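Novice: Mind having a look at this structure? Questions to follow.
The values are calculated or read from the model by the stated rules, or taken from the named source; none is laboratory data. Just so we're clear, the structure is a prediction, and the values are computed from it rather than from any experiment. Because the Cβ atoms are built from the backbone with ideal geometry, glycine has one as well, and the counts that use them run over all protein chains shown. SASA here: full protein model, heavy atoms, side chains in, ligands and nucleic acids out. Shrake-Rupley method; radii C 1.70, N 1.55, O 1.52, S 1.80 Å.
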Amino acid sequence: GAVRDEILGIPSLDMDFCYEGNALDFARKKGLEIIKINSEFGTIKILYEGKEFDIASTREEIYPKAGHLPKVTNIGCSLQDDLKRRDFTINAIAKNTLTGKLYDPYGGQNDIQNKRLRVLHKKSFIDDPTRIIRGLKFSVRLGFELDFETKSLQDEYLKNINYDMGYHRIKKELKETFMWNKGKAFDRFG
């Protein structure tokens, strides 16, 4: 999200980092102050110069049960493999913090230019239906529209909704969505 927002020239809501490899090993090797570890997902929270930062290990995931949290199958995978698990191409862009070079294997910059939301694979909404709500959030917040194929995949999913989803995941996404221009989001939600 931070790279996307930088490309758009808007303030980012948060600053997360992704480490290509194991973030916990990296933080320990660098002597960083670790304040929280989520070993299941390979994420850590560090305190650096009085500020908290999240660092995620690159990881691959599978969805053993549609609509539920994924299961991590590989921590420390390639950056390209990590990015392909993201919700939309606009959020599958990384920036090297040392060189500033952008890494965009899925065409996210082009989709940002065209104000287009595009999923990375055909099972995206089946794996994680909260991506539909996230799409609404980005549509309202950024003025983006679903591309034709993504809209078709969303419509197909909505004909056969899986109601077996984690309540907390849906609640979080809805709260974030309606925080942005409430009237517009609510109108588009119907």
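Novice: Can G9 be described as among the small types (G, A, S), free of Cβ contacts under 8 Å to residues at least 12 places away in the same chain, under 30 Å from Q154 (Cα atoms) and open to solvent by 50 Å² or more (accessible area, probe 1.4 Å)?
Specialist: Details: among the small types (G, A, S): yes; free of Cβ contacts under 8 Å to residues at least 12 places away in the same chain: yes; under 30 Å from Q154 (Cα atoms): yes; open to solvent by 50 Å² or more (accessible area, probe 1.4 Å): yes.
Yes: the conditions hold for G9.
Novice: Are there any pairs, at least 6 apart or on different chains, whose C-beta atoms fall under 8 Å, with the first in segment 13-26 and farther than 16 Å from N96 by Cα and the second among the small types (G, A, S) and open to solvent by less than 60 Å² (accessible area, probe 1.4 Å), and if so, which?
Specialist: These pairs meet every condition: L13/G1; D14/G1; D14/A2; N22/G42; N22/S57; N22/G76; L24/G42; L24/S57.
Novice: Test of understanding: among E176, E149, E145, which residue is within 27 Å of I62 (Cβ to Cβ) and modelled with pLDDT of 95 or more?
Specialist: Every option except E149 fails the conditions.
Novice: If we only count helices (runs of 4 or more DSSP H) wholly inside segment 1-114, which ones have 1 or more residues that are of a type in the set (D, E, K, R) and either closer than 30 Å to N162 by Cα or at pLDDT below 95 (or both)?
Specialist: Output list reads 2-8, 79-83, 108-113.
Novice: Also, I was wondering about something else. Would segment 50-58 turn up any residue that is in contact (Cβ under 8 Å) with a residue 24 or more places away in the chain, surrounded by fewer than 19 Cβ atoms within 10 Å (Cβ to Cβ) and touching a helix residue (DSSP H, G or I) at 6+ places or on another chain (Cβ under 7 Å)? Break it down stepwise before answering.
Specialist: Pass one, segment 50-58, residues in contact (Cβ under 8 Å) with a residue 24 or more places away in the chain: 53-58.
Restricting the remaining residues to those that are surrounded by fewer than 19 Cβ atoms within 10 Å (Cβ to Cβ) gives 53-54, 56.
Adding the requirement that they be touching a helix residue (DSSP H, G or I) at 6+ places or on another chain (Cβ under 7 Å) leaves 56.
Looking through segment 50-58, at least one residue is in contact (Cβ under 8 Å) with a residue 24 or more places away in the chain, surrounded by fewer than 19 Cβ atoms within 10 Å (Cβ to Cβ) and touching a helix residue (DSSP H, G or I) at 6+ places or on another chain (Cβ under 7 Å).
Novice: Select from segment 69-106 the residues that are surrounded by fewer than 18 Cβ atoms within 10 Å (Cβ to Cβ), under 15 Å from the mean Cα position of the chain (by Cα) and free of Cβ contacts under 8 Å to residues at least 24 places away in the same chain and list them in ascending order.
Specialist: Answer for segment 69-106, where residues must be surrounded by fewer than 18 Cβ atoms within 10 Å (Cβ to Cβ), under 15 Å from the mean Cα position of the chain (by Cα) and free of Cβ contacts under 8 Å to residues at least 24 places away in the same chain: just D81.
Novice: Of the numbered conditions (1) within 29 Å of R116 (Cβ to Cβ); (2) among the small types (G, A, S); (3) without any contact (Cβ under 8 Å) to a residue 60 or more places away in the chain, A66 fails exactly one; give the number of that condition.
Specialist: (3)
Novice: Do the conditions hold for G31, that is, is it open to solvent by 40 Å² or more (accessible area, probe 1.4 Å) and over 18 Å from the mean Cα position of the chain (by Cα)?
Specialist: Against the criterion (open to solvent by 40 Å² or more (accessible area, probe 1.4 Å) and over 18 Å from the mean Cα position of the chain (by Cα)), G31 qualifies.
Novice: So in segment 143-163, with the set limited to residues that are in contact with an Asp or Glu (Cβ under 9 Å, 6 or more places away or on another chain) and open to solvent by less than 50 Å² (accessible area, probe 1.4 Å), which one is farthest from G9 (Cα to Cα)?
Specialist: Only one residue fits best here, namely D147.
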